[in-house]
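Structure record follows, encoded as structure tokens.
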Amino acid sequence: MVHFVGAGPGAPDLLTLRGAALLEQAGCVIYAGSLVNPALLGRVRADCALYNSARMTLEEVLAAIQKAEAAGLDTVRLHTGDPCVYGAVREQMDALDALGIPWDDTPGVSSFCGAAAALGAEYTLPGVSQSVIITRLAGRTPVPERERLAALAAHRASMAVFLSAGMLGAVQAELLAGGYPPETPAALVYKATWPEEKIVRCTVASLAECGAAAGIDKTALVLVGDFLGRGGYERSKLYDPAFTTGWREGGA
Ligand code: SAH
């Protein structure tokens with residue numbers, strides 16, 4: 001059986017308890033070596049077969065899984081953050097289905113959550129934005145035209161831009177073209193939750209310049225939106241004394 005496991009954003013103690021238990025029993029672990037913290041591999045059995053998928057094709061990953069299956073071993077397929085965000089897991093799940101190999105999926109803390117924690121930020125501030133757009137800039141991997149960064153920017157919602165730290169000039173241009181005012185707060189979070197984490201707060205207009213000054217061009221998220229501002233939000237209804245919820249009677 002194959003267990004897809006979210007490794008979390010970097011800090012080794014941000015792995016789930018379920019993920020840790022699965023790692024500890026696996027006979028084969030295939031990890032996304034470009035971003036998974038190697039400290040997590042300290043949990044695996046001494047006799048565990050280890051593969052770094054950064055150097056492998058999908059076909060090679062499937063071959064390693066089939067080899068483990070033939071030997072009666074469980075495989076953990078360890079993906080950075082949560083597997084459901086830019087994890088290329090669906091193609092593996094479908095291939096495993098075709099091969100008749102059972103699998104399950106254990107979520108992890110995505111880096112956009114790790115980055116918000118690093119910043120002490122809430123994406124969904126009442127009166128500011130109630131939506132988070134998870135997206136990326138088109139690069140060597142295309143993005144559907146209707147999801148161009150500029151088109152999404154028109155919503156001026158909270159945004160987490162993945163896989164685009166090497167193209168900050170283009171990110172900035174698209175965000176501005178789409179309609180974020182230049183003074184909209186933005187942040188770059190490099191290696192959120194790792195010891196070498198770096199936070200750069202800026203505006204949409206200064207994003208590329210600040211990123212270059214900090215030397216950030218990979219393993220970073222670009223966060224954009226007024227949720228990063230100093231205030232301007234409304235307090236929640238949920239905790240408002242006058243508001244009645246299913247759990248609490250509101251009073252004057
Ligand atoms: N599944 C992962 C995303 C994989 S795509 C997740 O849920 O987080 C790889 C991209 O994720 C990187 O280019 C970067 O934009 C982002 N990323 C991954 N880990 C990160 C971290 N610790 N800090 C900041 N960005 C990170």
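Relative to the 2.2 N^0.38 Å rule of thumb, the chain has a C-alpha radius of gyration ratio of 1.15. Remark: the chain carries 51 Å² of accessible area per residue (probe radius 1.4 Å; ligands, DNA and RNA excluded). Computed over the chain, the per-residue total of -39500 (n - 2.57) for DSSP H runs of n ≥ 4 gives a 222 nm mean residue ellipticity of -7500 deg cm²/dmol, rounded to 500.
Listed values for segment 12-23 are Karplus-derived 3J(HN,Hα) couplings in whole Hz (6.51 cos²θ - 1.76 cosθ + 1.60, θ = phi - 60°), namely x, 8, 9, 6, 6, 4, 5, x, 5, 5, 5, 4, and x replaces Gly and Pro. For the chain, Cys28, Cys48, Cys84, Cys113 stand unpaired, since no other cysteine beta carbon lies under 4.7 Å from theirs. Its relative contact order, with pairs defined as Cα atoms under 8 Å and 6+ residues apart, puts segment 1-153 at 31 percent.
Across all C-alpha atoms in segment 112-182, the radius of gyration and Dmax reach 12.3, 37 Å. Each residue of segment 66-75 was assigned a 3J(HN,Hα) from its phi angle through the Karplus curve 6.51 cos²θ - 1.76 cosθ + 1.60 (θ = phi - 60°); the sequence is 5, 5, 5, 4, 4, 8, x, 9, 7, 10 Hz, with glycine and proline shown as x. Amide hydrogen proximity for Val132: with H placed 1.01 Å from N in the peptide plane, no residue at 5 or more positions away or on another chain lies under 5 Å.
Couplings for segment 190-203, taken from phi via the Karplus curve 6.51 cos²θ - 1.76 cosθ + 1.60 with θ = phi - 60°, read 9, 6, 3, 6, 7, x, 8, 3, 9, 10, 10, 9, 7, 10 Hz in order; Gly and Pro are left as x. Computed over segment 104-252, relative contact order equals 26 percent, with contacts defined as Cα pairs under 8 Å that lie 6+ residues apart.
Cα centroid distance between segment 134-199 and segment 13-80, in Å? Between the Cα centre of segment 134-199 and that of segment 13-80, the gap is 31 Å.
The values are calculated or read from the model by the stated rules, or taken from the named source; none is laboratory data. Because the structure is a prediction, the values reported are computed rather than measured. Here Cβ is always computed from backbone atoms with ideal geometry, including for glycine, and neighbour counts include all displayed protein chains. Areas reflect the complete protein model, heavy atoms only, side chains present, ligands, DNA and RNA absent. Shrake-Rupley method; radii C 1.70, N 1.55, O 1.52, S 1.80 Å.
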